[in-house]
Amino acid sequence: MVTQGELEREIAEGGRPDRPVRRLLRGIRRSIERRPVLRRVYRIGVGVVGGAITVGGLLLVPLPGPGWLVVLLGLAILGTEFAWARRLAAFTKRQLARFWAWWQARRAERRATPAA
């Protein structure tokens, strides 16, 4: 089982700005930013793709499977271009973390209570 600390270290390692993929993506992003028409097309594309994935994830939430994960993926895609999506993704992650902590505490409490 992966611990929380190991997971955070791996995420931090992948997000280092000196990684080759990150440098490549920054270069692509700079070339998009220099062209206003391409920038608009890019933002529209990000909005359509991110919105479609987010809506698809919301449709999956009541079903068994990774519904919330797909919603967060869609918000992460939207968050690359839109500040409101970054804020909404952060809020959603916080709320899901609170819910998950409550759920785990509830399960532990039920296991500790002997059945009558």
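Quick check on the stretch 12-25. Is at least one of its residues loosely packed, with under 12 Cβ neighbours inside 10 Å, acidic (Asp, Glu) and either part of a helix (DSSP H, G or I) or on the phi > 0 side of the Ramachandran plot (or both)?
Yes, the stretch 12-25 contains at least one residue that is loosely packed, with under 12 Cβ neighbours inside 10 Å, acidic (Asp, Glu) and either part of a helix (DSSP H, G or I) or on the phi > 0 side of the Ramachandran plot (or both).
Anything in the stretch 50-79 that is part of a helix (DSSP H, G or I), over 10 Å from the mean Cα position of the chain (by Cα) and at pLDDT below 90? List them, or say none.
Selection gives Gly67 alone.
Looking only at the stretch 80-97, count every residue that is closer than 15 Å to Arg43 by Cα and part of a helix (DSSP H, G or I) and tell me the total.
So the answer is 4.
The values are calculated or read from the model by the stated rules, or taken from the named source; none is laboratory data. These figures come from a predicted structure and were not determined experimentally. Backbone-built Cβ (ideal geometry, glycine too); neighbour counts: all protein chains shown.
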